[in-house]
Amino acid sequence: TKQNGRNNYCFFTAEMQAKSSRMLELDSALRRALERNQFTLLYQPIMSLNYGVNVGFEALLRWEHPQLGSISPEEFIPVAESNGQIIPIGEWILRSVVKQLKEWVDAGNDRLMVSVNLSAVQFRDRRLTEQIAEILKENDLDPKHLVLELTESVAMEKPESAIVIIDSLKERGIKVSIDDFGTGYSSLAYLKRFAAHSLKIDGSFIQNVPHDPENMAIVGAIVSLAKNLGITTIAEGVENIKQLEFLKETGCTAIQGHYFSRPMTAAAASDFLAVELVK
Ligand code: C2E
Ligand code: CA
Ligand code: CA
Ligand code: CA
């Protein structure tokens, strides 16, 4: 009815209004978050399936606001991208990770790798390669320990320019991993030209293993294709032993997920490494 239509309309605007006021709230809170030390990084272990040992971590950003509470990166990263804050925040992330990595490498973890998520805005920033090279130099860290995660959809948005940027990072010895792989429609030709160090198979393909034969076939195809191109594979979101066993069978290189470990604080990650050096 007319009445209903009108109510729906009101409801819709109210919802939109709530959404945009939340955005405004996050936008202004984000502008102060760095100076107020509201960010922390957690480290989630990545375990090799060949040797059953830890091979590295993925750094994951956390934002704790005194009034707004803890806000998911899925929600605030897009806001930080639109207001430009992602540039200083991204630099803070890189500095923090490299500093932490240096400590871990100096403690004897010669083969440790830590990956850092790159936002689309950071990836397209012309200063990126120089900036990272500088941070590595300042901290006297061998670039072989650093991996940058770039989502497949960002890489595929402008694949030709992505190839140029990835190559410039590779020239500096910095590795690139293609994140959320399988969700962004890469052509196989590009996959080869991206010359990535690794592919991270999106968690959505792992979720229903072993009950989803189609997803299992996709995972199998990704792993064998990557293997033929000399690229390692990391399965994300591994939550149980059935998934682990399937991935081991297909020849996937490594896994990441709650089954092995949740993201942990830097202090906990140090303890974790103290038990098992990554040599
Ligand atoms: P992502 O890069 O795909 O990160 C993996 C997400 O899966 C993380 O969520 C992680 O906590 C979660 N996860 C790990 N193991 C499991 C599991 O077994 N099951 C399930 N269901 N989830 C698992 P998180 O930390 O909330 O991050 C969400 C997204 O936010 C990330 O997705 C990434 O796109 C973005 N993000 C996180 N940290 C950063 C950062 O430092 N910089 C940028 N630019 N983006 C970040
Ligand atoms: Ca990632
Ligand atoms: Ca991912
Ligand atoms: Ca994701």
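Just a few scattered comments:
- Three-way shape call for region 81-230 based on the alpha-carbon gyration tensor, with the a/c threshold at 1.5: prolate
- Convex hull projection area averaged over all views, region 235-279, Cα basis, nm²: 3.7
- If both residues of a DSSP beta bridge must be in region 127-279, then about 0% of such bridges are antiparallel.
- With Cα atoms as the point set, the radius of gyration and Dmax of region 23-83 evaluate to 15.2, 48 Å.
- Charge dipole of region 53-119 (Cα centre as origin; +1 on each Lys and Arg Cβ, -1 on each Asp and Glu Cβ, all else neutral): 180 debye, rounded to the nearest 20.
- Less than 5 angstrom separates the built amide H of LEU199 from those of ILE178, THR232, THR233, ILE234, all sequence-distant by 5 or more or on a different chain.
- Cross-link reach list, lysines versus LYS144, counting only Cα pairs under 24 Å and skipping chain neighbours closer than eight places: LYS99, LYS102, LYS170, LYS175, LYS192, LYS200, LYS227, LYS279
- Global geometry of region 157-202, whether rounded, prolate or oblate, following the gyration tensor of its Cα atoms and the 1.5 cut on a/c: oblate
- Between LEU49, LEU169, LEU68, the Gaussian network model of the chain with springs among Cα atoms under 10 angstrom shows the greatest mean-square fluctuation at LEU68.
- Pairs of Cα atoms farther than 33 Å apart, the chain, %: 26
- Considering region 98-165 at the alpha-carbon level, its Rg and Dmax are found to be 13.4, 40 Å.
- Fraction of beta bridges assigned by DSSP in the chain that are antiparallel (%, nearest 5): 40
- Charge dipole (Cα centre; +1 on Lys/Arg Cβ, -1 on Asp/Glu Cβ; no other charges) of the chain amounts to roughly 340 debye.
Since every read-out is calculated from the coordinates, none of them should be taken as a lab result. Note that the coordinates shown come from a computational prediction; the quantities given were computed from them, not determined experimentally. Methodologically, a virtual Cβ is constructed for each residue, glycine included, from the backbone with ideal geometry; neighbour enumeration extends over all protein chains shown.
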